[in-house]
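The values are calculated or read from the model by the stated rules, or taken from the named source; none is laboratory data. In this text the structure is predicted, and so the values were computed from the model without any measurement. Quick reminder, even Gly has a Cβ in these numbers, built from the backbone with ideal geometry, and neighbours come from all protein chains shown. With ligands, DNA and RNA removed, areas are computed over all heavy atoms of the protein, side chains included. Shrake-Rupley method; radii C 1.70, N 1.55, O 1.52, S 1.80 Å.
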Amino acid sequence: MDRYPALKIFIILLLGVLAASAFRIPFIFSGLLAAAALLLVWAGHRFGIKTVAPGLSLTLLAAGLASYQTRHSTVPPHWAHGSQQILLAKIISEPRRTDRGWRFVSRTIARRSGGSWQPADRKVMTYIGSPEESRPEYGDVLTVEGIWRKAAERRNPGGFDYRRYLERQEVSGIFTASRHRIISHSRGNIVVSGLIIPLRRYVRVTIERYLGGDPGSLLAGLLLGERYNLSRPVREAFSDTGTAHVLAVSGLHAALMAFIIFIILRLLQLPKRAASLGTAAGLAIYTLLAGASPSIVRSSIMVGAVLLGGLFERRGNGLNMLGLAGLLILAFWPDAAWDIGFQLSFAATAGILILTRPIESLLFRTWGSALARKWILTPLAVSLAAQIFTAPLLAWYFHRIPLISLVANLVVVPLTGLILALALAMVLLNLLGGWVSWPIAASAYLFSKIMLESVSFFSRLKLGTINWPTVSWPQLALYAGICLLPFLWRRAGKPRLAAISVVMAAAAVLVWQQALARPAGLRVTFLDVGQGDCALVEMPNGARYLIDAGLCTPTRDSGRDVILPFLRARGITRLDNVVISHSDADHCGGLSYLLDHLDIRNLVISDHPSSQPMFNRALEQARTGNVPLQAVSGYDTLCGIWPARGFLYSREDLTPNGNESSLILYLQYGRTNILFVGDMGPELEDILLQKGLLGRCRVLKVPHHGARPNNPEELAEIIRPELAVISVGEDNRFGHPAREAVENYTAIGSTVYRTDLCGAVIMESDGENITCKSMIE
């Protein structure tokens, strides 16, 4: 590491920032560590002992700790979640039109309290008005009256923690304004308001003039990093093929932009040094234009270092420049250390710099053609090098590694460069008139369609995805050792021995972990799908039952947003049975998406006709996909779940009330029994009592989200559950759960879990004892 001092400093500083954030280390510890480090440095100089280097490393570690702690040393005054507030605020980001109105980040100036304005300084994600209202502008000062809330935290395993994400952007919460008034217009930062925002709007307008739909949105994503206008299927296709990185403005974009700017300046007869300085300045403007995300900032710093090094005829080292970029980013934004774009960008770049040549040398032995080496093997080596370093991060965040990306990137990356060049030419030539830029726009449209079709094709292959549900240190050590061995095998001595030792030790730990793991028991996860039902039952023998599939609305699909991410986090790609209790949209909403993305072995429904369009479309989709369909009428035993046992029951007579036709599922494992009753009402309850199918149960999925008519005192007395789980949406318009229903269960000693308050609820049993925990304690 002595050859790469900037990289070494960056790594130590990064460790300090990560440690301060992960372990909430107090500020005094940083001071003590810095004092101890300086003492080691002094002792090294004074007595000639080898403590200077460790002392300097500890000093850098203390600096990393202190930089994060200083940034988070002031805690804003507490505002109650869901409280009504009147704020005076200034818009500090460019407003964007959304379905909820205009969205922007504002910095509060004051807060109305007790008839007077009190100083208040915090960043808030703000929504005002409706999309049809006139656009608020960057720099505007306005008063807003509405509801302040904390952002949603992680409510389900495998879910996204939006609250932590905003906190790392130093945004304290979300403000939804019912009324607002713009008090004054100001320009804010003159560079942003006078240059960056007008340029960004000009680029958007130009793209919209020539290209619409996904091709136009793709150009906006490649040039500006604004991929939110791409249709959801296109975004999912990029994600599934591991090519989404081209939509995050990064190294490829910065290098190409620098090359184009440099060529233009040279064509204008500028000297080489002046062209280099101009390119660096243009690259800085482009960085701000593209949103200044960590990936583009890292790339621009590295490209800028190369340009400036050329002025002094100095050739920089790639890893040192990577370290320099990291140092500069962390110096101004320590929270970037937790940004996924920052982590993936630095990991991919490090992999390319470290492993590309060794991989090339291995691949070149397989193919001697110079043409194949240049256009196939070298790009493959770059893609594989980046994949090796980013794979643990992809597993950590997304629980899967799409190997198809190795092939897809051979097509997508060259197309990205070509489309970027055409898009930039189109934007520049538009200044001369439409007749000049139309041919360029037509070419950009053609190649954009080719890229979109290519990504869609690779996505449909559904090949080569490694599921990696949980990432542990032994797994990482085994992975690193296996990746290093091919490059160290021919090197006798300590490096090869160390790699072999790491592989063997990590493998031994993993084997013993598996051997000493307790036997599988029964696990039930009641997912938080909002105002709907969904639970995954994992049987002791490994069978998996999904009971109901949550809600689907225009903005939220439980299958896409909750259930599938959870299953991936659990490493589940196959469901043995999906049981839909009845046809209401809040129980079957996510089924259609799951049928498209999962291997479902059997779909179980009640044998009652339904006129619900969403339910019937999903059934038709299941038939088209050759998913076996089991319609239950009366009593049916659950098979293939031993040592657990259970039954299904669907009333045999017809009823127009969908809730009263709910499919009942009863499950027993040892002394643990669970009852899933859908939206059962009093009528179905009487039928179950008459047939002797309703009695004491230790765990109950509470009927109909805790509605009062469906949860009388008599039902609670009959079942007397130890755990009563209410699947219900936060602040739902139905007023669920009813206070009387909750009191009926608490009165008999039940512990009540509500998904609106607790998030997902996870119950485990060994057949005797039951343990229960929730995502939000």
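Quick rundown of the values:
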{"quantity": "Shape parameters for the range 522-774, alpha-carbon atoms, Rg then Dmax in Å", "calculated": "16.5, 49"}
{"quantity": "Per-pair calculated FRET efficiency, R0 = 41 Å: E153 and N657 via Cβ, rounded to 0.05", "calculated": "0.65"}
{"quantity": "Calculated FRET efficiency for the pair L497/I190, C-beta based, R₀ 51 Å, to 0.05", "calculated": "0.25"}
{"quantity": "Built amide H within the under 5 Å cut-off of A644, gap 5+", "calculated": "N541"}
{"quantity": "Accessible heavy-atom area order of C588, C483, highest first, probe of 1.4 Å", "calculated": "C483, C588"}
{"quantity": "Tensor-based shape of the range 329-390 (alpha-carbon gyration tensor, a/c under 1.5 rounded, otherwise prolate or oblate)", "calculated": "prolate"}
{"quantity": "Fraction of antiparallel bridges per DSSP, the chain only, in percent to nearest 5", "calculated": "75 percent"}
{"quantity": "Residues E740 and Y228, FRET efficiency given R0 of 60 Å [Cβ-Cβ distance, rounded to 0.05]", "calculated": "0.85"}
{"quantity": "Cut-off 14 Å between beta-carbons: net charge of the residues surrounding R400, Lys and Arg +1, Asp and Glu -1", "calculated": "+1"}
{"quantity": "Cα Rg, Dmax (largest Cα-Cα span) when computed across the range 83-188, Å", "calculated": "13.9, 45"}
{"quantity": "Which of E620, E208, E777 is most accessible, then next, and so on - probe 1.4 Å", "calculated": "E777, E208, E620"}
{"quantity": "K150 - accessible surface, heavy atoms, 1.4 Å probe, Å² rounded to 10", "calculated": "80 Å²"}
{"quantity": "Dipole magnitude of the range 70-209 about its Cα centre (Cβ charges: Lys, Arg +1; Asp, Glu -1), debye to nearest 20", "calculated": "200 debye"}
{"quantity": "Point-charge dipole on Cβ atoms (K/R +1, D/E -1) for the chain, about Cα centre, debye to 20", "calculated": "4000 debye"}
{"quantity": "Whole-percent pair-distance distribution, where bins are 10 Å wide, for the alpha carbons of the range 554-696", "calculated": "11, 39, 37, 13, 0"}
{"quantity": "Neighbourhood net charge (14 Å Cβ-Cβ; Lys/Arg +1, Asp/Glu -1) for R232", "calculated": "-3"}
{"quantity": "The range 713-754: radius of gyration over Cα atoms, expressed as a fraction of 2.2 N^0.38 Å", "calculated": "1.15"}
{"quantity": "Reciprocal mean inverse distance between Cα atoms of the chain - Kirkwood radius, Å", "calculated": "29.9 Å"}
{"quantity": "In nm, spacing of pseudo-spin labels at S443 and S116 (7 Å Cα→C-beta vector)", "calculated": "6.7 nm"}
{"quantity": "26 Å Cα cut-off, lysine pairs counted over the chain (separation 8 or more, or different chains)", "calculated": "11"}
{"quantity": "The range 545-610: C-alpha pair distances exceeding 19 Å, %", "calculated": "25 percent"}
{"quantity": "In nm, spacing of pseudo-spin labels at T637 and T98 (7 Å Cα→C-beta vector)", "calculated": "5.3 nm"}
{"quantity": "For the chain: accessible area per residue (Å², 1.4 Å)", "calculated": "48 Å²"}
{"quantity": "Sequence ranges 217-224, 195-202, ranked by mean other-Cβ count within 10 angstrom, highest first", "calculated": "217-224, 195-202"}
{"quantity": "Difference of contour (0.36 nm per residue) and Cα-Cα distance, L199 to L689", "calculated": "169.3 nm"}
{"quantity": "Computed [θ] at 222 nm, deg cm²/dmol, the chain (DSSP H ≥ 4; -39,500 (n - 2.57); rounded to nearest 500)", "calculated": "-15500 deg cm²/dmol"}
{"quantity": "Inter-label distance, nm, simple model (7 Å from Cα along the C-beta direction), I109/A274", "calculated": "4.4 nm"}
